[in-house]
1. If I model a spin label as a point 7 Å beyond the Cα along the Cα-Cβ vector, how far apart are those points for L132 and T195 in nm?
2. At a 1.4 Å probe, what is the % contribution of carbon and sulfur to the accessible area of region 36-96?
3. When mean projected area of the Cα convex hull in nm² is calculated directly from the model, which label among (1) 17.5; (2) 21.1; (3) 12.1 fits?
4. Over region 94-152, average the accessible area per residue using a 1.4 Å probe and give it in Å², no decimals.
5. Rounded, prolate or oblate: pick one for region 58-153, where a ≥ b ≥ c are the square roots of the eigenvalues of its C-alpha gyration tensor, a/c under 1.5 means rounded, and failing that, prolate if a/b is larger than b/c, else oblate.
6. Using only helices, what value at 222 nm comes out for the chain when you add -39,500 (n - 2.57) per DSSP H run of length 4 or more and divide by the total residues, to the nearest 500 deg cm²/dmol?
7. Using a 7 Å offset from Cα along Cα-Cβ at N30, what residues in region 148-170 end up with backbone N under 12 Å from the label point?
8. How about region 104-171: which trypsin sites (Lys or Arg not before Pro) there are in a DSSP loop, with at most 12 other Cβ atoms within 10 Å of their Cβ?
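The values are calculated or read from the model by the stated rules, or taken from the named source; none is laboratory data. Given the structure is predicted, the values throughout are model-derived calculations rather than measurements. Ideal geometry is used to build each Cβ from the backbone, glycine not excepted, and the neighbour counts take in all protein chains shown. Please note that ligands, DNA and RNA were not included when accessible areas were found on the heavy atoms of the full protein model with its side chains. Shrake-Rupley method; radii C 1.70, N 1.55, O 1.52, S 1.80 Å.
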Amino acid sequence: MRFVGKNAMPAANDNTDAPIAFYDVEVYPNLFIVCWKYRGSDTTVRMINPEPKDMEALFAMKLIGFNNRRYDNHILYARYLGYSLEELYKLSKKTIDGNDKVLFGEAYGISYADIYDFSSKKQGLKKFQIELGLKHMEMDLPWDEPVAEELWPQVVDYCVNDVESTEVVFESRKQDFVARQILAELSGLSVNHTTLNHTAKIIKKKK
């Protein structure tokens, strides 16, 4: 069930005083994991089946992920709205299957940036891990089946590794990020808006 209105999020999280935090999520029928870390920190926070109220603290940060505008943001927002674990799994499956109708317009703006979007090099996180010599983990658990509780730590470790890799990839694409910041200054939009959004706004201004 989708609720909007009073729960609507801002167009984009550009809170200049907020800390940058890298994040990733994992979703299974009986398991929802959120891992995040502040930029430059040696500690990654592990959240196993966090409650809806726990999402609010995340929204106060400058969240940066990898392809998060298309996936992770919507998972966080759905949990914030009170989606159960089963409902999150169904949302995840439909999103992965390419069903854009289940996505939340409000969810795009909870992040500060999406590395995949602003990177001039379009490839998946796993390819970046290999290219940058980072630890690469494979998850051999079927994502469409419940995970035995004794295997939860394995999923958490996988999520943590992706978060740590996301930060390294961000630093490696720093020039792309700076270019996006400049584009945002020219367009008047947020860093989080897509390249297409910025380009369209700049062209509109010139007319």
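1. 1.8 nm
2. Within region 36-96, the accessible surface is 49 percent carbon and sulfur.
3. Among (1) 17.5; (2) 21.1; (3) 12.1, the one derived from this structure is (3).
4. 58 Å²
5. Oblate, because a/c is 1.5 or more while a/b does not exceed b/c.
6. The per-residue figure over the chain is -12000 deg cm²/dmol.
7. Within reach of a label on N30: 148-152.
8. K121, K122, K135
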